[in-house]
Amino acid sequence: MDFWPTDDQLALQEGVRSFCQGRFPFDTLHEIEAANGRIERSAWKDIADMGVFSLRNDGFGVSDAALVFEELGRALVPGPLVATYLAATHLSEAGAASGDTIVGLSEVAEPVTVIEHADDLDVLLLLDSSGLRRMAPDALPTDKVERPVEPLTPLRVAHAVTAGGELVLSGDAARALRLEGTLLTAAMQVGVAFASIDLAVEYAKGREQFGRPIGQFQAVKHMCADMLTRAEVARSAMYAAAVNLEGKGEDDAEHTVRVAKMLAGDAAIFCGKTGIQVHGGMGFTWEVNAQRYWKRATVLDTHFGNSDDHADAIAAAM
Amino acid sequence: MDLRYTDSELAFREELRAWLREVLPSVPPEPHRNDWEGRRAWDTGWQRMLFDAGYAGINWPKEFGGRGATPTEHLIFLEETERMRAPYVGMNFVGLLHAGPTLIAEATDEQKAYHLPGILKGEHVWCQGFSEPGAGSDLASLRCRAFRDGDDYVISGSKIWTSFGHTADYCEMLVRTDPDAPKHKGITWLILPMKAAGIDIRPLRTMEGSTEFCEVYFDEVRVPVKNRVGDENDGWRVTMVTLAFERGTAFVSEMLQSMELVRDLTDLAKKVTRHGSTAWEDAGLRRDLAHLSGELDALWALTKRNISEAQRKGLVGAGGNVFKVAYTDLRQKLGDISMRLLDRASLSLDDMSGLPTGKHVKGRIHALSIGIAAGTSQVQKNIVSERVLGLPKDR
Ligand SMILES: Cc1cc2nc3c(=O)[nH]c(=O)nc-3n(C[C@H](O)[C@H](O)[C@H](O)COP(=O)(O)OP(=O)(O)OC[C@H]3O[C@@H](n4cnc5c(N)ncnc54)[C@H](O)[C@@H]3O)c2cc1C
């Protein structure tokens, strides 16, 4: 047993991290936000050139992908990253790996089915219990959501989910896609959680009240420590799920993925909220980035089943 | 202890209800949240209606133009206006609940004669210029400087988080008049006309995208010395006097809104289906909502205890301190439960697919500010542990 990332994995993660810092600094995210979350084709191409969508074709494993997606989550990189990765990996969708085709994935859901980044998609995948259907992005009748909670994730809401498109995956193959999508979403949630912690800790060291850094107050220390506790626990579950899904573990992969998604979802929302609290009034402003993590955490929780859905499934199997 | 209302309280409620039924149909629809001119007109228009009917300054003493109502009547007033969906106090908040009471306690007759009627009639909107970029939880460390120059104070510095700063006429402002004195001893309370020359007001966006608070910059702004309330350098005490006016009613409207949110969420849960059954059939969700609903009942009982204590003793005790911590917690839990229930319908600030979801999403965001505004939860807990429980101070 050696449950620690290898040097190669750490180097891969480090490489993605510095790419994200260079390509998606906060200034760039703010510009994207001001442009209603529209995806710039050249930026998408740069993400593809980093190898994000072609990881598996390039010989990397699921746990490598998990480490990469943790970094993408940490940097709040916008766009249907998991969907395009899944299309390249599970469907060999033309142009997905190279970044020429932007692929979105929507789950047929209650009470509403929404399509993220609809205006920028080339292909839409629709996932429901029967499998995965592939269609044109405008195949469904939709309305624009005027004020999405997270402006970096623009939405359209489908008012009727009609049959149509071409069934491209079903049965075990569709399940495998769903499982990997769930894991990589959990990885992004872990990244979001850690990024909120970093921002909060940095603020707690610099902000002074009562003549000392607020990080000197135990109340603030404990908020930060609580965040780290939840995030590290979730990260452990997520790494375990990645390794099991890769076939290098002893537990049922689906179970471990569910645990990861449940805990990572809760951790990301908790860390997002607590990160805002550490910032005081600043945390409640648009300008300060603490709220952006909370908003992304909210969006990601709804992908591939929210925390409650996974808890239900875990309970059903107990 | 008796939770039943007295005959005179019931009569007060009946009279108020009758009046609300009569006037509410003539109230125009609520303006858009970022239509500040419209909102000002709406809020102050309602205040004028209250004034004409004798309900303005419900808790203010009669001699200053108020109604002199008891804390219980104040509670009834808030309860009925909220239940019947009358406009909320809105931007009259600072004038009616903060600046006004301070003026009543500390201002000169001349200041009272001019300002109190302005607040009661909805002619003047006030804002609160206390917090600064460097002085939030540690309010007494504020640095916005005022020099005495003849009959004026000359103010330089800045304030932040000034809610409704861009629509207000006056600001209750704390300035530093003696930088050499210990921090609580060099502060002065001023009435600042927001139209004074040298004031630059820049709206700040909240995380929801609303521009309800502002940064305010002061470049040698002149304010006459006669606008000072209380003595020079005695502003901290003047500020604290207002806190004693709080009779446990501060969160009544909020609480009623929360109860409605829980009821609405329950209705939604009975309608919305997930995986083939309604959300309400989910025992976990039902239990969570039941806990919340029970906690709200308990906080409502706590509110009544606090109000009764204030009625008896003139001041709210420990119950007032724990209220906000408990309420913040509850609202944040409610927010997260609503999100799990609405799932992807929680991703829009507006209603989605004909479901009344927008208010739950906005409520979930609002909940994040409750633990920050007017004393953060951490500071509240310090107060509870040190002032209520007598634990040694860590400062
Ligand atoms: C929606 C909203 C409306 C507001 N409206 C107004 C207004 O109209 N007028 C006005 O003057 N102000 C207003 N405020 C400001 C509000 O009062 C301050 O935000 C609040 O007092 C916190 O100060 P701060 O933002 O500087 O945070 P900080 O004091 O910097 O706090 C940062 C973090 O440190 C923690 N902390 C600080 N000191 C301690 C301590 N001693 N022990 C433990 N933890 C500590 C806090 O809990 C917080 O988590 C408003 C704020 C909000 C969010």
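For region A:239-288, what are the residues that are of a type in the set (S, T, N, Q) and over 21 Å from A:A219 (Cβ atoms)?
A:N244, A:T256, A:T285
From the list A:M282, A:M223, A:M262, which one is within 12 Å of chain B (Cβ to nearest Cβ) and away from the ligand (no atom under 16 Å from the Cβ)?
Just one listed residue meets the conditions, A:M262.
Give the residues of region B:57-89 that are under 17 Å from the mean Cα position of the chain (by Cα) and not in a helix (DSSP H, G or I), sorted by residue number.
Of everything in region B:57-89, those that are under 17 Å from the mean Cα position of the chain (by Cα) and not in a helix (DSSP H, G or I) turn out to be B:G57, B:I58, B:N59, B:W60, B:A86, B:P87, B:Y88, B:V89.
Among the residues of region B:350-370, count how many are facing chain A (nearest Cβ under 7 Å) and either small (G, A, S) or under 23 Å from A:T274 (Cα atoms) (or both).
Summing the residues that are facing chain A (nearest Cβ under 7 Å) and either small (G, A, S) or under 23 Å from A:T274 (Cα atoms) (or both) in region B:350-370 gives 4.
Filter the strands (runs of 3 or more DSSP E) completely within region A:131-216 down to those with at least 2 residues that are among the aromatic types (F, W, Y) and within 16 Å of the ligand (Cβ to nearest atom).
By residue number, no strands (runs of 3 or more DSSP E) qualify.
Please work out if A:V243 is touching a helix residue (DSSP H, G or I) at 6+ places or on another chain (Cβ under 6 Å) and either within 16 Å of the ligand (Cβ to nearest atom) or assigned to a loop (DSSP other than H, G, I, E, B) (or both).
Against the criterion (touching a helix residue (DSSP H, G or I) at 6+ places or on another chain (Cβ under 6 Å) and either within 16 Å of the ligand (Cβ to nearest atom) or assigned to a loop (DSSP other than H, G, I, E, B) (or both)), A:V243 does not qualify.
Looking for something in a helix (DSSP H, G or I), within 13 Å of the ligand (Cβ to nearest atom) and hydrophobic (A, V, I, L, M, F, W, C) - is there at least one such residue anywhere in region B:333-346?
no
Here is a yes/no grid of residues against (1) modelled with pLDDT of 95 or more; (2) on the phi < 0 side of the Ramachandran plot; (3) touching a helix residue (DSSP H, G or I) at 6+ places or on another chain (Cβ under 7 Å):
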site: A:T153; (1), (2), (3): yes, yes, yes
site: A:A160; (1), (2), (3): no, yes, no
site: A:L167; (1), (2), (3): yes, yes, no
site: A:A193; (1), (2), (3): yes, yes, yes
site: A:S196; (1), (2), (3): yes, yes, yes
site: A:G211; (1), (2), (3): yes, no, no
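Being more than 9 Å from every other protein chain (Cβ to nearest Cβ), part of a helix (DSSP H, G or I) and within 10 Å of the ligand (Cβ to nearest atom) narrows it down to one residue among A:T229, A:T274, A:T256; which is it?
Unique residue meeting the criteria: A:T274.
Within region B:380-389, can one find any residue that is under 23 Å from A:T285 (Cα atoms) and more than 8 Å from every other protein chain (Cβ to nearest Cβ)?
yes
Within region B:194-218, can you find the residues that are of a type outside the set (D, E, K, R) and either facing chain A (nearest Cβ under 10 Å) or touching a helix residue (DSSP H, G or I) at 6+ places or on another chain (Cβ under 8 Å) (or both)?
Passing the criteria: B:L204, B:T206, B:M207, B:G209, B:S210, B:T211, B:F213.
Going through region B:118-159 one residue at a time, which ones are assigned to a loop (DSSP other than H, G, I, E, B) and either within 15 Å of the ligand (Cβ to nearest atom) or within 12 Å of chain A (Cβ to nearest Cβ) (or both)?
Across region B:118-159, the qualifying residues are B:V125, B:F130, B:S131, B:P133, B:G134, B:G136, B:S137, B:D138, B:L142, B:R143, B:C144.
Sort out which residues of region A:285-318 are among the polar types (S, T, N, Q) and either facing chain B (nearest Cβ under 8 Å) or crowded, with 21+ Cβ neighbours inside 10 Å (or both), and write them in order of number.
A:T285, A:Q291, A:T298, A:T302, A:N306, A:S307
I'd like the residue in region B:160-181 that is assigned to a loop (DSSP other than H, G, I, E, B) and within 13 Å of the ligand (Cβ to nearest atom) and, out of all such residues, is farthest from B:S131 (Cα to Cα).
Ranking the candidates gives B:T167 first.
Going through B:S353, B:S308 one at a time, which residue ends up being more than 15 Å from the ligand (Cβ to nearest atom) and free of Cβ contacts under 8 Å to residues at least 40 places away in the same chain?
Among B:S353, B:S308, only B:S353 is more than 15 Å from the ligand (Cβ to nearest atom) and free of Cβ contacts under 8 Å to residues at least 40 places away in the same chain.
Name every residue in region B:374-395 that is within 9 Å of the ligand (Cβ to nearest atom) and either part of a helix (DSSP H, G or I) or without any contact (Cβ under 8 Å) to a residue 40 or more places away in the chain (or both), in order of residue number.
Listed by number, the residues that qualify are B:S377, B:Q378, B:V379, B:Q380, B:K381, B:N382, B:D394, B:R395.
The values are calculated or read from the model by the stated rules, or taken from the named source; none is laboratory data. These figures come from a predicted structure and were not determined experimentally. Cβ: placed from backbone, ideal geometry, glycine included. Neighbour counts: every protein chain shown.
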